[in-house]
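What follows is one structure encoded as structure tokens, with my remarks underneath.
What follows draws every value from the coordinates through simple rules; no lab data is involved. Predicted model only: the values in this text are computed from it and were never measured. All Cβ positions, even for glycine, are placed from backbone atoms using ideal geometry, and neighbour counts span all protein chains on display.
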Amino acid sequence: MMRTTLALVLTLAFAAACMNPNRKEGTPGKVAEPPAATGPMTITSPAFADNGTIPPKYTCNGAAVSPEIDFTNVPQTALSMTLEVTDPDAPGGTFTHWLVWDIPTTVTRFKEDDVPAGVIQGLNGFGKNNYGSPCPPSGVHHYLFDLYALDNTLGLAASKGREDFENAIKGHVVAHARLTGLYGK
């Protein structure tokens, strides 16, 4: 009797598991798909908090290297990401410090002073294809690190700057996140 009851319980449990509408069939030998993003996309840095002071190391008063940047919750519908770093407080109007596009959605981090292979760095306000460190002439400036998830890849040439970049992302942004850093001399 005990064996019959145990067999019946196991059979019912197996049947319930097979009928579960949330159960996903996997391909043998393949890793299951990651779960969908559970919250809004974020951009953070271990170097400074949102609305916190950017350490001198990442500015013209230090090594002028780019800080580590981390990305989370990139929507599964995105095909690529872009990063734009600007200073809206610059005397001549918004100044571009860094443009990066065609970032694969599998990328979750830019290491300090590094970008993943294959991504494109566009022209910054200094006319260079790299991170242009904060160097305000006076006062405290806001540095906006804007991460955009796109429904396409841009395919822009590295010779393009902010105007071409911003025109190219219009109508293609599926998510946006911002990290703000402050710096003053």
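Observations on the model:
- Surrounding net charge for Gly181, when Lys and Arg each add one and Asp and Glu each subtract one, Cβ distance under 13 Å: -3
- The alpha carbon convex hull volume per residue for the stretch 39-184 rounds to 99 Å³.
- Spin-label pair Ala49/Val65, simplified geometry with 7 Å Cα→Cβ offset, distance in nm: 2.5 nm
- Note on the stretch 66-123: percent of Cα-Cα distances in each 10 Å bin, starting at 0 and stopping at the bin with the largest distance, equals 21, 49, 25, 5.
- Percentage relative contact order, the stretch 104-185, counting C-alpha pairs under 8 Å, at least six apart: 37 percent
- Neighbour net charge for Lys57 - beta-carbon separation under 15 angstrom, K R +1, D E -1: -2
- Span from the the stretch 57-95 Cα centroid across to the the stretch 122-143 one, whole angstrom: 10 Å
- Spatially near lysine pairs across the stretch 81-185, Cα under 24 Å, sequence gap of 8 or more or different chains: 6
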